[in-house]
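For reference, the structure discussed in these notes is given below.
The values are calculated or read from the model by the stated rules, or taken from the named source; none is laboratory data. As the structure is a prediction and not an experimental result, all values here were calculated from the model. Virtual Cβ from ideal backbone geometry, glycine too; neighbours counted across all protein chains shown.
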Amino acid sequence: MANTVSFLNARFDQMPPDEAVEVLLERLLNRQGGRVYYANAHTMVTAAKNKALVEALERKDLLLADGSGVRWSSTLLGTPLIYNLNGTDLVPALCKAGASENLSVYFLGAKPGVAEDAATNLAKVYPGLVIAGVQHGYFLKEDTPKILEAIREARPHLLLVAMGVPMQEIWIDQYSSQLPGITCMGVGGLFDFMAERVPRAPHHIREVGMEWLWRLMMEPSRLWKRYLIGNFVFLGLVIAYAFGKLLNKLTNKAPVSLESQQLDPIPEVVPVPGAGHQEAVGTKMRTTKGKDLLKKRSKLGWFRAVSPPVLKKKCG
Ligand code: UDP
């Protein structure tokens with residue numbers, strides 16, 4: 001059964017892999033469109049310093065937990081995300097399930113030639129699957145309208161966007177509304193695996209949650225920072241979040257959600273007789289100094305979301 005789990009202040013949709021394939025296939029064939037993301041430790045670390053990514057993740061239709069880092073740490077925090085729902089496993093399963101319905105897929109991303117090979121290989125394995133189009137991921141921004149037009153014309157059920165985190169999520173967030181009836185999914189390095197440019201970790205390495213180590217060994221110069229430094233930053237985020245939760249509990253305050261941090265309405269200015277320039281914020285009154293603090297708080301964004309209320313009070 002699907003449910004929602006909050007972890008590091010993002011809201012994940014949790015369900016077993018078989019159900020995820022069913023839910024996704026129904027969305028695609030019913031032409032619901034929308035935005036589907038996978039988030040792993042690297043996504044969460046990137047989100048900690050990238051507001052556009054946080055906002056993209058908030059506006060998701062489905063957010064699925066990818067990788068052992070998220071699974072282990074969410075379990076430690078008492079909000080376990082037990083299923084590893086990565087695109088590298090789910091996309092082929094989805095294509096297999098949809099091939100008999102002539103599911104159509106558009107490949108956008110990776111280096112020139114890679115999306116073509118990925119599409120060809122996938123179509124060979126799943127006859128019936130329709131390759132609606134391919135486009136590499138190193139295009140100029142001014143070519144975006146042309147690319148969107150080509151995708152709209154091809155009208156795939158599924159648009160796979162493989163441009164890496166955070167570019168793919170931000171691209172989907174910005175343009176999916178111009179692609180009605182097409183579900184957009186961010187899939188990172190998937191095309192490189194499918195096109196056999198990069199070998200995927202053997203099954204037993206994936207089983208013990210060490211795929212990241214395999215990837216690091218395959219592309220050390222590109223990925224050392226992400227894994228060797230990023231994993232420590234991720235651990236720091238998890239500890240900060242746990243600490244914030246504990247303090248919230250001790251001070252008996254409800255945890256402050258990412259949504260309430262980012263999506264506070266801009267307070268309406270209400271003149272108050274005899275009180276100078278004040279503003280109404282909910283039922284409380286704030287001075288213009290309060291407005292500055294609000295601005296500051298939204299700039300601090302994501303980290304503020306995990307900080308305990310006592311700090312919030314001090315820092316705004
Ligand atoms: N990529 C792209 N356009 C860019 C930068 C990257 O299409 O401007 C592609 C890159 O060729 C690779 C994918 O995005 O195929 C990113 O892969 P990565 O393994 O970093 O994905 P992640 O680990 O974020 O899922």
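So which pairs qualify, if the first residue must be in the range 114-133 and modelled with pLDDT under 95, the second must be assigned to a strand (DSSP E or B), the Cβ gap must be under 8 Å, and the two must be at least 6 apart or on different chains?
Once the first residue is modelled with pLDDT under 95 and sits in the range 114-133, no partner that is assigned to a strand (DSSP E or B) comes close enough.
Residues checked against (1) under 23 Å from the mean Cα position of the chain (by Cα); (2) in a loop (DSSP other than H, G, I, E, B):
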{"residue": "Asp143", "(1), (2)": "no, no"}
{"residue": "Lys146", "(1), (2)": "no, no"}
{"residue": "Trp171", "(1), (2)": "yes, no"}
{"residue": "Cys184", "(1), (2)": "yes, no"}
{"residue": "Asp192", "(1), (2)": "yes, no"}
{"residue": "Ala201", "(1), (2)": "yes, yes"}
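Which count do you get for residues in the range 103-150 that are out of contact with any Cys (no Cβ under 9 Å at 6 or more places or on another chain), under 21 Å from Thr183 (Cβ atoms) and β-branched (Val, Ile, Thr)?
5
Identify the residue in the range 196-252 that is aromatic (Phe, Trp, Tyr) and under 21 Å from Ile82 (Cβ atoms) and, among all such residues, is farthest from the ligand (Cβ to nearest atom).
The selected residue is Tyr241.
Given the conditions (1) within 12 Å of the ligand (Cβ to nearest atom); (2) in a helix (DSSP H, G or I), and given that Glu19 satisfies all but one, which numbered condition is not satisfied?
(1)
Among the numbered conditions (1) within 12 Å of the ligand (Cβ to nearest atom); (2) closer than 16 Å to Leu28 by Cβ, tell me where Leu122 comes up short.
Of the numbered conditions (1) within 12 Å of the ligand (Cβ to nearest atom); (2) closer than 16 Å to Leu28 by Cβ, the odd one out for Leu122 is (1).
Please enumerate the residues belonging to the range 104-128 that are buried (at least 18 other Cβ atoms within 10 Å of the Cβ) and closer than 15 Å to Phe191 by Cβ.
Val105, Tyr106, Phe107, Leu108, Gly109, Ala110, Val114, Ala115, Asp117, Ala118, Ala119, Leu122
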